[in-house]
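The block underneath contains the structure these notes are about, expressed in structure tokens.
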Amino acid sequence: QVQLVESGGGLVQAGGSLRLSCAASIRTFSSYNMGWFRQAPGKEREFVAAISWSGGRTYYADSAKGRFTISRDNAKNTVYLQMNSLKPEDTAVYYCAADRSIIPTITARKYDYWGQGTQVTVSS
């Protein structure tokens, strides 16, 4: 059974940083592309960042470019999202997801597995 468990969320002031982690219980983790999505109250889930199975390619939403960095450690079955210069509009539940497509996708419905999410709250 595949499980994705996010951690690292919390309350931070605007301008601060957080590092989210997603631990995956997937035997073939290194064959999965991984993504981070977020969902704010009353809004649809939106793409934040994705990374290819090898870590060689990364993709970011415009809102994340220059502030967020996605990375992975295949030896630890873990994907990370380093978030810097946080803004109140970054407040949301952040989810990690796993996908076996050939290349990473920004489309949520194409992901095969999802974590339960971790809350990020940025105060002004």
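Here are a few things to note about the model shown:
- In terms of Cα atoms, the Rg and Dmax of the stretch 25-102 work out to 12.6, 37 Å.
- In this structure, the amide hydrogen of TRP53, modeled 1.01 Å from its nitrogen in the peptide plane, lies closer than 5 angstrom to those of ASN33, counting only residues at least 5 positions away or on a different chain.
- Amide H contacts of ARG72: TYR80, each under 5 Å away and 5 or more positions distant or on a separate chain (H built 1.01 Å from N in the peptide plane; Pro and chain starts excluded).
- A simple rule links phi to the HN-Hα coupling: the Karplus curve 6.51 cos²θ - 1.76 cosθ + 1.60 with θ = phi - 60°, which for the stretch 67-74 gives 10, 10, 9, 9, 8, 8, 10, 5 Hz, with x for Gly and Pro.
- Remark: the stretch 112-122, residue by residue, has Karplus-estimated 3J(HN,Hα) of 8, 9, 9, x, 7, x, 9, 7, 10, 10, 10 Hz, where x stands for each Gly or Pro and the curve is 6.51 cos²θ - 1.76 cosθ + 1.60 at θ = phi - 60°.
- The 1.4 Å probe gives accessible areas that order TRP36, TRP53, largest first, as TRP53, TRP36.
- Estimated FRET transfer efficiency (SER30, ARG67; beta-carbon r; R0 22 Å; 0.05): 0.25
- Length-normalised contact order of the stretch 37-124 in % [C-alpha pairs under 8 Å, at least 6 apart]: 29
The values are calculated or read from the model by the stated rules, or taken from the named source; none is laboratory data. Note that this is a predicted model, so its numbers are computed, not measured. Note that we place each Cβ from the backbone using ideal geometry, even for glycine, and neighbour counts take in every protein chain shown. In case anyone asks, the SASA skips ligands and DNA or RNA and just uses the protein heavy atoms, side chains included. Shrake-Rupley method; radii C 1.70, N 1.55, O 1.52, S 1.80 Å.
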